[in-house]
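> Have a look at the structure that comes next, please.
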Amino acid sequence: MERETKQSDKSPKRHLDGPVTIAPGARLVGCQNCKKDFVIESEDFDFYEKMKVPAPTWCPECRAQRRLIWRNERFLYKRKSDWSGKEIFSQYPSEAPVKVYESKVWYSDVWDPMEYGRDFDPLRPFLEQFKKLMSEVPHRTASMIDDVNSDYCNNATGPKNSFLVFNTTYAEDCLYGNGVNFSKRCLDVSHVNKCDFCYQSFWVTRSSRIFFSSQCENCLDVYFSKNLRNCTSCFGCVNLRNKQYHIFNKPYTKEAYVSELEKYNLGSFKELKRILIEVRKFWLGFPTKFIEGQRNEDVNGNYIFNSKNCHNCYLVREGENLKYCQYLDVPENKDCYDHSIWGNMNNLTYECCICGKGTNNIRFCGSCWPEVRNLEYCLFCGPAGDCFGCVGLRNKQYCILNKQYTKEDFEKLRGEIVEQMNENPYRDGQGVVYKYGEFFPSEFSPFAYNETIAQEHFKLTREEATKQGFRWQERRERNYAVTLKTADISDDIKNVSDSILKEVIECEHGGKCNDECTGAFRIVADELSFYRQTGLSLPHLCPNCRTAERLKERTTLKTWTRECQCAGAKSDPSNSSGQATVYQNTAKHSHGSGKCTNDFKTSYSPDRPEIIYCEQCYQQEVA
């Protein structure tokens, strides 16, 4: 049996429709943004005191949304360089209110960000002055370090020979992925770690040859499966441990397994669609653990591994003492609150986004790396220390608004600015007040709402986004003509010729979905070689739509308090909207024949169709 994730008992207990119980030392606060109440725990106040920051005035969800609006993860645009005038690919569209330099220029000594330094004006809100500085100091065209032959990637460290791979650390020979870490030869995957030769899969760890699967670890040659550990040669399976030669959870001999698989033609698009419908229905007939996580102690949230004391967290590996953190899946991270994205030795951070590779004691910062310390309200700085309100500085200390000070003058002026921020705060277009202690206003972000991963977790329509004061990027007209309809693609990969590489293929969604569909796409040579080698059908969706479809397997970062659906001998369908399947338990549970009384925080919302079990009931079913 796998080592369990211990359920946290620190979270306030709450019935599904009941009131929140306030623990001693905690406080109920109204969110300045959404107006809903949220709880600040006593240990939260201890952390804020350690970081010397005021308690937040926004609830955890609004704080996360505000940070994620600064993360364009998967969109690249053609625009002119503000340095050379050349056409470049950039994470910033031409209409973004920022200057952009080629990354090689940005990191060079041909320009000096200190030239943009200015005095602090005590008569104007500090964040207003910062916004002006941010619009004048050039931004790098993309966020990449140590890239090799990977010009069409972004938010990447060490990509090699990769194409349209984002939010990645050391991906090699990979195509169309996000969250691809220390992996090779993967195509159309999300959140994989130490994997090789995987396709259309999500949250896979230390595995090879995984196709159309999710939440698998230490597996080999697995197709259409979910939540497998240490399994080999499985097809259409769920919740297996240490198994091989299984099809829809039924064991076969090696010879029978091979013979049975010959009945499935994965090279046919029509057959592939039929299989996907069948296996997803099959998965829903089995219990899902309330959290996807292993080897944890005292955690809640989802997709958390090898971590301790992490609460309301999401997509975290090897974290300790974290709260309200997301996408910290590059180990390790310690003593952080409200930190979104990346990792790699973050320590003592608060309200930060896209920071890592050695940080210590930083607040309200974005895209700062490497080796940064004692930063506040900074963007694109590093290495750097003891700076306040700076943009683009490298190897600097004791700077404010990109102007150099002595240590004594820096500390004196910093104190005056903090006092001024509280007495004369910035107000955004919605009238929300930003005193010292708030992350940058959303309206400062150079990205439109639907260009960012905020849209993945807090889905809005154009009308909803603009009403809340967010910019919206209208669908761009593409300068290409479709040459091949998806209906005209050869159904079987065996009949696809090299001429497909010349075609502009219409996406099956036709630009009508809400997933930033590009309307059309191409098949590149390495991609076609992959399909032929694996015998898999060609896709009928553009990369953006394929990613959106794959991420439907993923929960969002929101959490709900729910009850275990184990009713003794079987599952209770009444606690899951639209769930018609009743699972028959295979083992006696510790709570006996009655309904399990455990409740927990989970990112599986009550309207999802999965059967949700607590840790104990799940482990008794999945040995």
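The values are calculated or read from the model by the stated rules, or taken from the named source; none is laboratory data. Note that this is a predicted model, so its numbers are computed, not measured. A quick note on method: Cβ atoms are made from the backbone with ideal geometry, for glycine too, and the neighbour counts reach across all protein chains shown.
> Being assigned to a loop (DSSP other than H, G, I, E, B) and closer than 30 Å to Thr57 by Cα, is that true of even one residue in segment 475-487? Explain how you work it out, then say what you get.
If we filter segment 475-487 for residues that are assigned to a loop (DSSP other than H, G, I, E, B), which is where we start, we get 475-483, 485.
Right, trim to closer than 30 Å to Thr57 by Cα and you get none.
No, the conditions are met nowhere in segment 475-487.
> Within segment 541-554, track down each residue that is closer than 14 Å to Trp203 by Cα and either of a type in the set (Lys, Arg) or crowded, with 20+ Cβ neighbours inside 10 Å (or both).
Hits for segment 541-554 are Thr547, Arg550, Lys552, Arg554.
> When only residues in segment 203-261 that are among the basic types (Lys, Arg) and either outside the structural domain of Gly179 (by TED's automatic domain parsing) or not in a loop (DSSP other than H, G, I, E, B) (or both) count, which is nearest to Val180 (Cα to Cα)? If you could, list the steps in order and put the result at the bottom.
Here is the first cut: in segment 203-261, the residues among the basic types (Lys, Arg) are 206, 209, 226, 229, 241, 243, 250, 254.
Filter again for either outside the structural domain of Gly179 (by TED's automatic domain parsing) or not in a loop (DSSP other than H, G, I, E, B) (or both), leaving 209, 226, 229, 241, 250, 254.
Values: Arg209: 15, Lys226: 19, Arg229: 20, Arg241: 24, Lys250: 32, Lys254: 32 Å.
Among those residues, the one meeting the criterion is Arg209.
> Within segment 353-377, track down each residue that is of a type in the set (Gly, Ala, Ser) and in a strand (DSSP E or B).
Pass one, segment 353-377, residues of a type in the set (Gly, Ala, Ser): 356, 358, 366-367.
Scanning segment 353-377 gives Gly356, Gly366.
> Moving to a separate point now. Tell me which residues, restricted to segment 439-492, are surrounded by 15 or more Cβ atoms within 10 Å (Cβ to Cβ), under 20 Å from Gly511 (Cβ atoms) and of a type in the set (Phe, Trp, Tyr).
Tyr449, Trp472
> Just to verify a result, which residue in segment 106-132, among those that are among the aliphatic types (A, V, I, L, M) and over 29 Å from the mean Cα position of the chain (by Cα), is farthest from Leu379 (Cα to Cα)? Can you show your working first?
Going through segment 106-132, the residues among the aliphatic types (A, V, I, L, M) turn out to be 110, 114, 123, 127.
Okay, now just the ones that are also over 29 Å from the mean Cα position of the chain (by Cα), so 110, 114, 123.
On the way: Val110: 20, Met114: 14, Leu123: 23 Å.
Filtering segment 106-132 for residues that are among the aliphatic types (A, V, I, L, M) and over 29 Å from the mean Cα position of the chain (by Cα), the one farthest from Leu379 (Cα to Cα) comes out as Leu123.
> Pick from Lys595, Lys588, Lys601, Lys570: which is surrounded by fewer than 14 Cβ atoms within 10 Å (Cβ to Cβ), in contact with a strand residue (DSSP E or B) (Cβ under 8 Å, 6 or more places away or on another chain) and over 30 Å from Asp188 (Cα atoms)? Lay out the reasoning, then the answer.
Numbers: Lys595 fails: surrounded by fewer than 14 Cβ atoms within 10 Å (Cβ to Cβ); Lys588 fails: in contact with a strand residue (DSSP E or B) (Cβ under 8 Å, 6 or more places away or on another chain); Lys601 fails: surrounded by fewer than 14 Cβ atoms within 10 Å (Cβ to Cβ).
The match here is Lys570.
> Take the residues in segment 524-557 that are part of a loop (DSSP other than H, G, I, E, B) and farther than 19 Å from Lys270 by Cα; name whichever of them is farthest from the chain's Cα centre (by Cα). Walk me through how you get there before you give the answer.
Quick first cut of segment 524-557, residues part of a loop (DSSP other than H, G, I, E, B) only: 524, 535-542, 554-557.
Of the ones still in play, those that are also farther than 19 Å from Lys270 by Cα are 524, 554-557.
Values: Val524: 26, Arg554: 10, Thr555: 11, Thr556: 9, Leu557: 9 Å.
Filtering segment 524-557 for residues that are part of a loop (DSSP other than H, G, I, E, B) and farther than 19 Å from Lys270 by Cα, the one farthest from the chain's Cα centre (by Cα) comes out as Val524.
> Taking into account only those residues within segment 27-82 that are of a type in the set (Gly, Ala, Ser) and in a helix (DSSP H, G or I), which is farthest from Gly179 (Cα to Cα)?
At the first step, the residues of segment 27-82 found to be of a type in the set (Gly, Ala, Ser) are 30, 42, 55, 64, 81.
Remaining after also requiring in a helix (DSSP H, G or I): 42, 64.
Details: Ser42: 34, Ala64: 18 Å.
Checked segment 27-82; the qualifying residue farthest from Gly179 (Cα to Cα) is Ser42.
> To continue, here is another question. For segment 513-521, indicate whether the set of residues that are closer than 30 Å to Asp221 by Cα and touching a residue at least 12 places away in the same chain (Cβ under 8 Å) is non-empty. Lay out the reasoning, then the answer.
First, the residues of segment 513-521 that are closer than 30 Å to Asp221 by Cα: 521.
Among the residues that remain, those that are also touching a residue at least 12 places away in the same chain (Cβ under 8 Å) are: 521.
Checked against the condition, which is being closer than 30 Å to Asp221 by Cα and touching a residue at least 12 places away in the same chain (Cβ under 8 Å), segment 513-521 yields at least one hit.
> A further question follows. Would you check which residues across segment 284-309 are small (Gly, Ala, Ser), surrounded by 24 or more Cβ atoms within 10 Å (Cβ to Cβ) and over 21 Å from Arg206 (Cβ atoms) and list them?
Once the filter is applied, which keeps residues that are small (Gly, Ala, Ser), surrounded by 24 or more Cβ atoms within 10 Å (Cβ to Cβ) and over 21 Å from Arg206 (Cβ atoms), segment 284-309 yields only Gly301.
> Taking segment 309-357 on its own, how many of its residues are within 20 Å of Arg295 (Cβ to Cβ) and small (Gly, Ala, Ser)?
Total satisfying the criteria: 2.
> Before we move on, is Gln565 in contact with a helix residue (DSSP H, G or I) (Cβ under 9 Å, 6 or more places away or on another chain) and under 30 Å from Val192 (Cα atoms)? Write out each step before concluding.
Working: in contact with a helix residue (DSSP H, G or I) (Cβ under 9 Å, 6 or more places away or on another chain): yes; under 30 Å from Val192 (Cα atoms): yes.
Here the answer is yes, as Gln565 does meet what is asked.
> Taking the conditions exactly as written (outside the structural domain of Gln244 (by TED's automatic domain parsing), in contact with a helix residue (DSSP H, G or I) (Cβ under 7 Å, 6 or more places away or on another chain) and either at positive phi or crowded, with 18+ Cβ neighbours inside 10 Å (or both)), does Asn312 satisfy them or not? Give the derivation first.
On the way: outside the structural domain of Gln244 (by TED's automatic domain parsing): yes; in contact with a helix residue (DSSP H, G or I) (Cβ under 7 Å, 6 or more places away or on another chain): yes; either at positive phi or crowded, with 18+ Cβ neighbours inside 10 Å (or both): yes.
It is true that Asn312 is outside the structural domain of Gln244 (by TED's automatic domain parsing), in contact with a helix residue (DSSP H, G or I) (Cβ under 7 Å, 6 or more places away or on another chain) and either at positive phi or crowded, with 18+ Cβ neighbours inside 10 Å (or both).
> I've got another one for you. Can you report the number of residues in segment 55-105 which are of a type in the set (Ser, Thr, Tyr) and within 25 Å of the chain's Cα centre (by Cα)? Steps first, please.
Here is the first cut: in segment 55-105, the residues of a type in the set (Ser, Thr, Tyr) are 57, 77, 81, 84, 90, 92, 94, 101, 103.
Next, from what is left, pick out any that are within 25 Å of the chain's Cα centre (by Cα): 57, 77, 90, 92, 103.
Of the residues in that region, 5 qualify.
> Just name the residue that is farthest from the chain's Cα centre (by Cα) out of those in segment 301-352 that are touching a residue at least 60 places away in the same chain (Cβ under 8 Å) and part of a loop (DSSP other than H, G, I, E, B).
Restricting to residues being touching a residue at least 60 places away in the same chain (Cβ under 8 Å) and part of a loop (DSSP other than H, G, I, E, B), the top hit is Asn344.
> Return the residues of segment 383-427 that are touching a residue at least 24 places away in the same chain (Cβ under 8 Å) and either in a helix (DSSP H, G or I) or at positive phi (or both); say none if nothing qualifies.
Asp386, Gly389, Gly392, Leu401, Asn402, Phe410, Leu413, Arg414, Glu416, Ile417, Gln420, Met421 - these are the residues of segment 383-427 that are touching a residue at least 24 places away in the same chain (Cβ under 8 Å) and either in a helix (DSSP H, G or I) or at positive phi (or both).
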